[in-house]
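S.K.: Next up is a structure, given as structure tokens.
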Amino acid sequence: MRGQSASRRPNIVFLMTDNHRWDLLGCAGNEIIQTPNIDRLAERGVRFSNSFCTTSICAATRASILTGEFRREHGYTFTMPAMSVQRMDRSYPALLKQSGYRTGFVGKLGVEVDPRAPDRMFDFYRRRIASSTRNPYYREADDGKVKHITTINGDDAVEFIRTSSQDQPFCLSVSFSAPHPEDDHIDQYIFDRDLQAFYEQDVIPPPPISDHEYFHQLPGFIQVSMSRQRWFRRFDTPEKYQRMMKGMYRLITGVDRQVGRIVAELERRGFDDNTVVIFTGDNGIMIGEHGLTGIWLMYEGSIRKPLIIADPRLGGSRHAVTAEQMTLSFDCPVTMLDLAGLPIPEQMRGRSLVPLMRGETVDWREDFFYEHLYERETIPKSEGVRTERFKYVRYFERNPVYEQLFDLAADPNEITNLVGDPKHGATLRALRARCDELRDGVGGPYVRGM
């Protein structure tokens, strides 16, 4: 290490993508997608192969990442009032700023906050989102040129690093809109035109359970849900599937290019030996499994996401490590505060990943609670528990309540619902009780409007 970097609080760069499945990275075993810069982060650090969100919808899960709380606790999702100054004063960027960090934010915040909050959270704030034709991927940048927003995000991140000092630690949060689609655009995945040649000769394999027979096994209310409606936009023909998936892959490769720029700027400015880089996603996305797409539901494609942490201060024995412990979205803010040497607020539900990064043996969670509470007629609310082997889901507003139980070890594609199988009756009863216990610990049964 150069100079006295080992004695300084580390810089932190927190990189987050949108609707990014855990398996759409080269380092996660995908042999088609090209993500060399993100893969190099994994080579220099720890890749957490079992990372999940606790609510798969961007507004609510991003509020959880900011605050470290469950959706029932922070109360925020789409259509809800803006998050208050008081709550944002307890967010990870505000706490880091209060402790002396220079804080920056670039890209998609994903939540509405009191107009006074950003100045209390960030020293550098470039909020830009792409999610619809009203907020398109291509737009005029500050220099007057029309660029893809992923490139604009990279420009803003590089500017923050260039204007940072060795005399003050910093935390830069870069939240890419990619690979989220422009939901109302016919082409959905609006990639950088410079990447057009990528994947043209490739054939993206569909999920193994994309045939119609798997769709017809679903309960009727899921068959008519938004997850099916949006499937028609993206994946209802083989040609459309290839076109949409190649667009998604190009968006991810576009993010990878900006990750390379950001890491190169850290090296150019001499920050690289004392900067921890965290790469993750807000949630996953289904890409045709069961004839569905989108997020919301508790299937693996929806809730499982990437997580890589590269800490240059750790030795080579902690490079290219794959950690299998179950990690959650709100472990990230707790980890950042721990890296900065700050106490963890009581309301933050996550756990610091620093011991796992170091290779220490620690007692770790064996299950977690999932909830989806967005008020929309075509998105059924649900809650459940995922353990290392089983997944229990209940759609609690159905009459009668509709339940699912999957043995992920024997049935990783979540095909066979074991709720009616007497051989799994004890497991079902135990997970029902565990779901109640976890739910009651974070706010209790859902009340409309909470």
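S.K.: Taking the criterion of being of a type in the set (G, A, S) and either buried (at least 18 other Cβ atoms within 10 Å of the Cβ) or over 30 Å from D272 (Cβ atoms) (or both), would at least one residue in segment 87-95 satisfy it? It would help to see each step written out before you state the result.
M.R.: Let us first name the residues in segment 87-95 that are of a type in the set (G, A, S), namely 91, 94.
Next, only the ones that are either buried (at least 18 other Cβ atoms within 10 Å of the Cβ) or over 30 Å from D272 (Cβ atoms) (or both) stay: 91, 94.
Yes, segment 87-95 contains a residue that is of a type in the set (G, A, S) and either buried (at least 18 other Cβ atoms within 10 Å of the Cβ) or over 30 Å from D272 (Cβ atoms) (or both).
S.K.: One residue is enough: does segment 137-159 have a residue meeting the conditions open to solvent by 40 Å² or more (accessible area, probe 1.4 Å), among the polar types (S, T, N, Q) and out of contact with any Cys (no Cβ under 6 Å at 6 or more places or on another chain)?
M.R.: no
S.K.: Just one of G107, G75 is over 20 Å from N11 (Cα atoms) and either out of contact with any Asp or Glu (no Cβ under 8 Å at 6 or more places or on another chain) or not hydrophobic (A, V, I, L, M, F, W, C) (or both); which is it?
M.R.: Every option except G75 fails the conditions.
S.K.: Within segment 109-117, identify whether any single residue is on the phi > 0 side of the Ramachandran plot, open to solvent by less than 80 Å² (accessible area, probe 1.4 Å) and not acidic (D, E), and answer yes or no.
M.R.: The answer is yes, given that some residue of segment 109-117 is on the phi > 0 side of the Ramachandran plot, open to solvent by less than 80 Å² (accessible area, probe 1.4 Å) and not acidic (D, E).
S.K.: From the list T327, T387, T361, T378, which one is among the β-branched types (V, I, T), in contact (Cβ under 8 Å) with a residue 24 or more places away in the chain and farther than 20 Å from F52 by Cα? Give the derivation first.
M.R.: Details: T327 fails: farther than 20 Å from F52 by Cα; T387 fails: farther than 20 Å from F52 by Cα; T361 fails: in contact (Cβ under 8 Å) with a residue 24 or more places away in the chain.
Sole residue among the options that is among the β-branched types (V, I, T), in contact (Cβ under 8 Å) with a residue 24 or more places away in the chain and farther than 20 Å from F52 by Cα: T378.
S.K.: Pairs under 6 Å by beta carbon, first residue at pLDDT below 95 in segment 37-66, partner not hydrophobic (A, V, I, L, M, F, W, C), six or more apart or different chains?
M.R.: Close Cβ pairs (under 6 Å, with a partner that is not hydrophobic (A, V, I, L, M, F, W, C)) do not exist here.
S.K.: Just one of L339, L314 is surrounded by 24 or more Cβ atoms within 10 Å (Cβ to Cβ), out of contact with any Ser or Thr (no Cβ under 6 Å at 6 or more places or on another chain) and of a type in the set (A, V, I, L, M, F, W, C); which is it?
M.R.: L339
S.K.: Condition test on T327, is it touching a Lys or Arg at 6+ places or on another chain (Cβ under 9 Å), open to solvent by less than 10 Å² (accessible area, probe 1.4 Å), farther than 30 Å from F215 by Cβ and assigned to a strand (DSSP E or B)?
M.R.: Criteria met by T327.
S.K.: Residue by residue through segment 345-369, note down the ones that are crowded, with 17+ Cβ neighbours inside 10 Å, in a loop (DSSP other than H, G, I, E, B) and of a type in the set (D, E, K, R).
M.R.: Scanning segment 345-369 gives R349, R351.
The values are calculated or read from the model by the stated rules, or taken from the named source; none is laboratory data. Since the model is a prediction, treat every value here as computed from it, not as a measurement. Here Cβ is always computed from backbone atoms with ideal geometry, including for glycine, and neighbour counts include all displayed protein chains. Please note that ligands, DNA and RNA were not included when accessible areas were found on the heavy atoms of the full protein model with its side chains. Shrake-Rupley method; radii C 1.70, N 1.55, O 1.52, S 1.80 Å.
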